[in-house]
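Trainee: To start, I am sharing the structure in question, which I have written as C-alpha cells.
The values are calculated or read from the model by the stated rules, or taken from the named source; none is laboratory data. Since we're looking at a predicted model, the values are computed, not measured. Note that we place each Cβ from the backbone using ideal geometry, even for glycine, and neighbour counts take in every protein chain shown.
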Amino acid sequence: MAGKDIIMIRQGELRRLHVIQKVQEGIIKQVDAAEMLSLSSRQVRRIVKRVKAEGDRGIIHKSRGRPSNRRIPDRVKKTVIQCYQSKYKDFGPTLASEKLLEREGIQISDETLRRWLIETGDWKKSRKKGKHRHWRERKAHCGEMVQPEVALTKRSPSV
C-alpha cells in the first residue's frame, strides 16, 4: 500500500530525523546530536532506539492527533453553555464564570468560557472604544492661545 510509505512530518521533526540518521550512520556522536537538537543525550538515545524499531515514523510524537488529557469533557461544556443561555445571557464571560462557580458550583476559566461562547455565537468580539481624551491641535504661532478674561477687582492699597 502506497499510503504507508508517506508520513506527514513537521519541519522541526524533519530536522530531528536528519540528525538522528546521521547518528545512526556514525557521522556524528549522540552527545553532539543532543547539543544540536537541544536535548539530553539520554533523550537522543531513546529517539535513536525508537527510530531503529519503527523506522522514520518513530520520530513523530506519540500524542499527536489525540485530545489533551486536561481537556474539559463535552458534557460539562454543554451544561455550561445551556446554563449561560438560560440564566446569564446578559452577563459577560468574566462575570458569568464567577456566577457559575458561586451558584452552580462549576469552576471554569473566563477565557475558556469566552472561547466557547464565541464558537456558539453567544458572544461577539468587540473592540474597545477609542481614547476619551485627545490632544488639542497645536497653534500656528507662539502665544496664540486665547486667554480667559479675568475680572480684575481693584484693591484698596493697604496702609
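Trainee: Out of the residues in segment 98-133 that are of a type in the set (Ser, Thr, Tyr) and assigned to a helix (DSSP H, G or I), state the one that is nearest to Lys78 (Cα to Cα).
Mentor: Among them, the one singled out is Thr120.
Trainee: With respect to the numbered conditions (1) free of Cβ contacts under 8 Å to residues at least 24 places away in the same chain; (2) out of contact with any Lys or Arg (no Cβ under 9 Å at 6 or more places or on another chain), which one is the sole condition not fulfilled by Arg16?
Mentor: Failed condition: (1).
Trainee: Does Val48 meet the test of being of a type outside the set (D, E, K, R), more than 21 Å from Lys125 (Cα to Cα) and either surrounded by 11 or more Cβ atoms within 10 Å (Cβ to Cβ) or in contact (Cβ under 8 Å) with a residue 60 or more places away in the chain (or both)?
Mentor: yes
Trainee: Let me ask something else about it. Before we move on, is Ile81 in contact (Cβ under 8 Å) with a residue 12 or more places away in the chain, in a loop (DSSP other than H, G, I, E, B) and within 24 Å of the chain's Cα centre (by Cα)?
Mentor: So Ile81 fails the test.
Trainee: Does Arg66 count as within 30 Å of Gln24 (Cα to Cα) and either assigned to a loop (DSSP other than H, G, I, E, B) or outside the structural domain of Lys22 (by TED's automatic domain parsing) (or both)?
Mentor: Yes: the conditions hold for Arg66.
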